[in-house]
Amino acid sequence: MPKITIDREKCKGCLLCISFCPKGAIVPDTKLNRKGIKPVRFKKDTACIACAMCAVICPDCCIEVFK
Ligand code: SF4
Ligand code: SF4
């Protein structure tokens, strides 16, 4: 099953990855990171297809995709 990792400390919470994910596999986290920003997290048990749109669109290279 594909999965992604998100560097929550690097994430600036712009939510671009959420807008571009075709499967709704990324959601806002409820906990703040050390910078006081609400990052995003991978939603488990979603139908991620490893399209890598999220990784490509993230301006800060916070996301890695594993097939
Ligand atoms: S790889 Fe594609 S489907 Fe998976 S979380 Fe990223 S944008 Fe969504
Ligand atoms: S696009 Fe990158 S910086 Fe923006 S919310 Fe997603 S992971 Fe965070």
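Since every read-out is calculated from the coordinates, none of them should be taken as a lab result. Values in this document were obtained by computation on a predicted structure and should not be read as measured data. For neighbour counting, all protein chains shown are included, and Cβ atoms are generated from backbone atoms with ideal geometry for every residue, glycine included.
Among the conditions (1) within 14 Å of ligand 1 (Cβ to nearest atom); (2) free of Cβ contacts under 8 Å to residues at least 60 places away in the same chain; (3) acidic (Asp, Glu), Glu9 misses just one, which is (1).
Consider segment 15-31 and keep the residues that are among the hydrophobic types (A, V, I, L, M, F, W, C) and in a loop (DSSP other than H, G, I, E, B). The one that is farthest from Phe42 (Cα to Cα) is Leu15. A single member of Lys23, Lys12 is surrounded by 11 or more Cβ atoms within 10 Å (Cβ to Cβ), away from ligand 2 (no atom under 13 Å from the Cβ) and among the basic types (Lys, Arg), and it is Lys23. What's the total number of residues in segment 39-59 that are buried (at least 16 other Cβ atoms within 10 Å of the Cβ), in a loop (DSSP other than H, G, I, E, B) and near ligand 2 (Cβ under 10 Å from one of its atoms)? Qualifying residue count for the region: 2.
Please tell me if Pro39 is of a type outside the set (A, V, I, L, M) and near ligand 1 (Cβ under 7 Å from one of its atoms). Against the criterion (of a type outside the set (A, V, I, L, M) and near ligand 1 (Cβ under 7 Å from one of its atoms)), Pro39 does not qualify.
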